[in-house]
Every structure is written in structure tokens, then in C-alpha cells.
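Remarks on the structure that follows.
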Amino acid sequence: MDKTAIDIWEKVVDNLTLSIGNDSVNLWIKPLKPLSLAENVLTLSVPNIFFSQWIEKNQQYNIEQILSGLCSAQVKLEYKVQKDISPIIKTVENTPVHTDSPMPSIVKDQINPKLTFDRFVVGNSNRFAHGCAEAVAKNPGKQFNPLFIYGGVGLGKTHLLHAIGNSLKQQFPNFRILYVTCEKFVSEFIENIKSGSSDKISAFKNKYRNLDCLFIDDIQFLMGKDSSQEEFFNIFNTLKDGGKQIVIASDRPQNKLDQIEERLISRFKWGNTVDIQQPDLETRIAILRKKAEEEDFFVPDDVIIFIAKQIKSNIRELEGNLLRITSFIKFTNTPFTLDAVKTVLKDVVVPEEDIQITIEKIQQIVAEQHNLTIKDLKAKKRTAQFALPRQIAMYLARTMTDISTTEIGDSFGGRDHTTVMHACNKIKEKLESDPYFAALVNKIVKLIKTDDI
Ligand code: ADP
Ligand code: MG
């Protein structure tokens with residue numbers, strides 16, 4: 001390489017950084033390398049024609065002006081597409097770029113190498129979601145596009161996104177992959193718009209539109225953000241039309257994504273939609289065993305089962321509490337007994353045998369949660385506002401105590417036991433079909449188990 005060319009080019013890059021900013025320079029300028037400066041022509045090597053076109057359109061004039069100033073002569077730019085320049089192209093994060101990639105992966109993919117399929121425990125609650133995620137990893141852009149995964153907090157949505165990403169990276173090292181939270185997408189978009197710089201905006205657009213696979217997490221964050229929705233709509237269409245894979249995670253199903261345009265919602269339904277439910281006891285035990293194994297820490301079975309029984313709704317909490325226990329045992333050198341564990345977890349755990357669950361307690365908490373009084377639950381009023389909470393309370397009385405349906409009927413204003421049975425069936429069905437309702441009832445159950453009244 002020509003030493004003068006390198007020196008001059010360094011100055012040009014410094015100059016450009018001031019005028020177009022670091023991001024654009026990293027994205028468009030850093031991958032170019034000066035080859036020679038002769039007869040007032042600076043020849044640059046470019047990874048592909050895509051770069052020279054972009055420079056010609058956006059920065060050529062600017063660069064030539066800077067060059068001419070530096071050399072005190074009219075200097076022109078020329079480009080040479082160079083195939084193997086990977087050793088000199090570095091990404092922002094200093095990882096080498098793949099030589100045969102159509103565009104260097106300047107953008108870091110943000111995939112967490114620890115969240116793999118290997119580390120994902122499959123159970124009834126997530127079997128289908130896991131299967132579809134694996135199918136996408138095997139056949140990106142083909143079968144399920146987009147893949148839309150929804151489910152409550154801490155149930156493994158993000159883990160599955162990264163697992164697909166890791167698998168794709170392994171199989172297709174040249175794939176341009178990006179994991180982004182919707183929140184980051186929105187703030188990045190707004191920042192670029194606010195900057196008013198057309199370079200920044202086009203760099204942003206290019207970054208997203210040239211991907212082979214986009215993972216966007218917590219899409220509910222797009223609710224009410226109209227201009228970001230518009231931008232995402234366009235990105236979605238470009239990727240989908242180009243046969244590129246899109247994977248979306250959401251804390252709710254599509255029809256509960258209020259304030260997101262219908263045209264986007266309908267696109268979210270184009271591919272495949274899967275949900276992740278709360279894990280059953282068996283899966284919770286398997287997850288805890290796996291985590292303990294990964295930490296290389298022996299945890300006795302009774303402890304694993306105890307934690308799994310106490311924490312039902314959230315795998316993150318499950319993990320967090322296991323970590324609390326193992327750290328405590330390690331650092332204090334306490335013998336690993338169930339009693340020690342109960343002491344450490346006393347704030348989250350309520351020993352089942354100590355809880356007194358009565359119909360009155362159930363009625364009080366259900367009433368409070370619905371802004372009603374116990375009297376309302378016992379009264380004859382039949383509108384949904386009263387009937388549903390009453391049925392919930394009957395169901396909980398039946399499932400959380402050993403009290404007979406006849407006695408339960410008596411405690412609800414002298415109703416017949418068949419009314420109680422009907423209520424129980426109805427609530428059971430609703431729990432199975434409506435995850436939001438299930439979450440509400442779970443919350444009530446938790447309160448009943450913990451509230452000291
Ligand atoms: P979400 O995105 O649904 O809120 P995450 O994917 O962040 O949940 O999961 C929370 C934590 O639980 C993470 O540490 C993740 O690795 C772990 N986790 C979730 N599901 C599983 C699973 N099936 N097997 C192993 N770990 C899991
Ligand atoms: Mg998540």
C-alpha cells in the first residue's frame with residue numbers, strides 16, 4: 001500500500017468523522033482502504049460495489065473536496081472492488097469480516113452465545129414454541145416467516161430468539177443477523193431522525209434492510225409509536241419480500257397489541273404464531289437441575305423440588321432463587337439442607353403447612369381484587385361484574401381447601417352445590433383458554449397464600 005495514500009486517507013477519515021459522525025464512518029468509510037495516490041487520483045479498495053455506489057451518491061463530492069484541500073490540487077476518487085481484503089477490514093468490534101459476505105457484518109449481531117438450544121429445557125409449556133424455533137433455525141426465511149412467539153414474563157422468549165441466532169451463526173457464518181429489542185429499535189430510529197442527517201438515516205435503513213435474519217424482542221414496545229411502526233413496516237416488507245427471516249417476541253398475542261396498525265398486526269400473523277405457557281412442576285424441576293449442572297454445583301433433590309414447588313410462574317425467578325441459594329451455601333459454608341434453604345428464601349416462600357386458607361380469606365381477597373365487598377359475593381346480583389368474581393371465589397374455595405361444594409354453596413348466600421360445580425367448570429375452562437385470565441387468578445392465588453389475615 002502507498003504510504004502517502006494511507007496518511008492522506010487517515011486525515012480524510014478524521015475529517016469525515018467530524019462531519020458525518022462515528023456511526024456512518026464505521027459503517028461506510030472504515031471498510032474502505034487506500035491503495036494508491038497517483039496523478040491526482042486516490043484509489044480505494046471497496047468490499048463490493050454496494051459501497052462504491054453509496055460513496056458516489058452520498059460522500060464522493062465531500063471526500064474529493066477534503067482531498068483537494070489536503071493536496072492543494074484537484075483530486076479524484078476511484079474504486080477497486082477487492083475480493084479478499086478481510087484481514088484489513090475490521091468490524092467496529094474488531095472481529096474480522098467474512099470475505100465472501102456480500103457486505104461486511106459491521107453491525108454486531110448482539111446474540112448472546114450462552115442462550116443456546118442446548119441450554120433450553122423442553123417441557124409441555126414450551127414444546128411447540130421450541131419446535132418451531134428449531135424449524136426456523138434449520139430453514140430460515142422459508143417455512144415460518146415471521147415466527148411470532150408470545151408469552152408471559154420470564155418464560156423463555158428471549159432465550160429462544162438467541163438460540164435460533166446462535167444456531168444460524170454456526171450453520172451460516174456469513175449470515176447477517178441482528179438481535180434488537182424493540183425499545184432499542186425505536187430509540188435508534190428516533191435518534192437518527194432527530195439528527196436530521198440523511199446519511200445517518202440511510203445507514204439506519206440499510207442496516208436493517210440488508211439483514212438475513214432480524215430478531216426483534218418485546219414488540220409490544222411498538223404500541224403507540226406511529227412513526228417507528230411505519231419504519232418497521234417498511235423494513236418488515238423488504239426483509240419478507242427478500243425471503244429473509246424475521247422472528248418476533250411479544251408479551252401478548254397479536255390481537256392484544258393495541259395501538260399497533262392493523263397492517264402490521266396482519267403481517268405478524270402471516271407466518272407462524274406460538275405461545276409459551278407457564279412451566280409445569282416437572283419442567284421447573286428439569287430447569288433447576290440443568291441450571292445447577294451448568295453451575296457445576298450439586299443441589300440436593302429435595303431442595304430442587306422445594307424451589308420448583310414454590311416458584312411457579314417465572315423461570316427467571318426460579319433461576320434467581322437457585323443462584324441466591326447456591327451463593328449463600330458457597331460463601332457461608334453452610335451445610336446444604338432444606339432448612340438452610342428455607343431460611344434463605346423466607347421472603348419468597350410461605351411454607352404451605354403454615355397457611356390457613358379459609359373461605360372467608362378467599363372471599364376477602366377476591367372481593368378486594370375486584371373492588372367489591374364480601375357481601376357482594378354473597379348477594380343475589382347476577383351481572384357479570386359480580387358473577388365472575390363470585391365464580392372465581394367458588395372455584396378457589398373448591399381447589400384450595402377441602403371444603404365440600406355444599407358447604408361452599410352455603411357460604412355464598414345459600415346457593416346450591418350444583419351452582420358451585422357449574423362455577424368451577426366454567427372457571428376451569430376459562431383458565432385453560434385465556435392466559436390473561438389465568439394470570440389474574442394466579443395473582444389472587446399468590447395473595448391468598450401469602451397475605452397474613
Ligand atoms: P422472556 O424473554 O420470556 O421474558 P427469558 O428468555 O429472558 O424470558 O428467560 C428468562 C430466564 O429463564 C433466562 O435466563 C433463560 O435462559 C431462562 N429460561 C427460560 N426458559 C428456559 C428453558 N426452557 N430452559 C432453560 N432456561 C430457560
Ligand atoms: Mg424477554
- Note on the structure: Residues other than Asn210 with Cβ under 11 Å of its Cβ, Lys/Arg counted +1 and Asp/Glu -1, net out at +4
- Message: Beyond a 24 Å Cα-Cα separation, which of these cross-linked pairs lie in this structure: Lys3/Lys205; Lys30/Lys205; Lys33/Lys207?
- Response: Lys3/Lys205
- Amide proton proximity set for Phe148, modelled H, under 5 Å, gap of 5+: Ile248, Asn272, Thr273, Val274
- Note on the structure: Cross-link reach from Lys380 to aspartates and glutamates, straight Cα distance under 15 Å and at least 8 residues apart if same chain, gives Asp410, Asp416
- If exposed means GluC sites (Glu not before Pro) lying in a DSSP loop and surrounded by at most 12 other beta carbons within 10 Å, then the longest stretch of the chain lacking such sites spans residues 94-453
- Between the alpha-carbon centers of region 412-453 and region 203-272, tell me the distance in whole angstrom. 36 Å
- Task: Measure nothing but the geometry: give the 0 to 90° angle between the long axis through the Cα atoms of 384-400 and the longest principal axis through the Cα atoms of the chain, rounded to 10°.
- Result: 80 degrees
- the chain: relative contact order from alpha carbon pairs under 8 Å, six or more residues apart, as a whole percent, is 11 percent
- Task: Quickly rank 386-398, 438-450 as a protection proxy: mean count of other C-beta atoms within 10 Å, highest first.
- Result: 386-398, 438-450
- Task: For helix 435-450, report the angle its Cα long axis makes with the longest principal axis of the Cα atoms of the chain; keep it between 0 and 90° and round to the nearest 10°.
- Result: 60 degrees
- Note on the structure: Note, Ala384: beta-carbon cut-off 15 Å, +1 each Lys/Arg, -1 each Asp/Glu, net +4
- Does region 40-82 classify as rounded, prolate or oblate by the C-alpha gyration tensor (a ≥ b ≥ c root eigenvalues; a/c under 1.5 gives rounded; else a/b over b/c gives prolate, otherwise oblate)? oblate
- How about Lys449: which lysines have a C-alpha closer than 21 Å to its C-alpha, ignoring those fewer than 8 places off in the same chain? Lys309, Lys312, Lys342, Lys346, Lys361, Lys428
- Query: Does region 1-58 come out rounded, prolate or oblate, given a ≥ b ≥ c as the square roots of the eigenvalues of its C-alpha gyration tensor, rounded meaning a/c under 1.5 and, failing that, prolate meaning a/b above b/c?
  - Reply: oblate
- Using Cα pairs under 8 angstrom and six or more residues apart, how large is the relative contact order of region 220-290, in percent? 35 percent
- Task: Calculate the dipole size of region 305-453 relative to its Cα centre from +1 charges on Lys and Arg beta carbons and -1 charges on Asp and Glu beta carbons; express the result in debye to the nearest 20.
- Result: 420 debye
- Message: Can you return the aspartates and glutamates within cross-link range of Lys80? Criterion is Cα-Cα under 20 Å, with same-chain partners fewer than 8 residues away left out.
- Response: Asp2, Asp7, Glu10, Glu39, Glu56, Glu64, Asp100
- Query: Rounded, prolate or oblate: which fits region 362-419, taking a ≥ b ≥ c as square roots of the Cα gyration tensor eigenvalues, rounded meaning a/c under 1.5, else prolate when a/b beats b/c?
  - Reply: oblate
- Query: How much net charge surrounds Val341 when only the other residues with a Cβ under 14 Å from the Cβ of Val341 are counted, with Lys and Arg +1 and Asp and Glu -1?
  - Reply: +1
- Message: Within region 112-191, count lysine pairs with alpha carbon atoms under 20 angstrom apart where the residues are 8 or more positions apart or belong to different chains.
- Response: 8
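Where a number appears in this text, it was derived from the coordinates with a stated rule and is not lab data. Everything numeric in this text was worked out from a predicted model, so none of it was measured. Note that each Cβ is placed from the backbone with ideal geometry, even for glycine, and that neighbours are counted across all protein chains shown.
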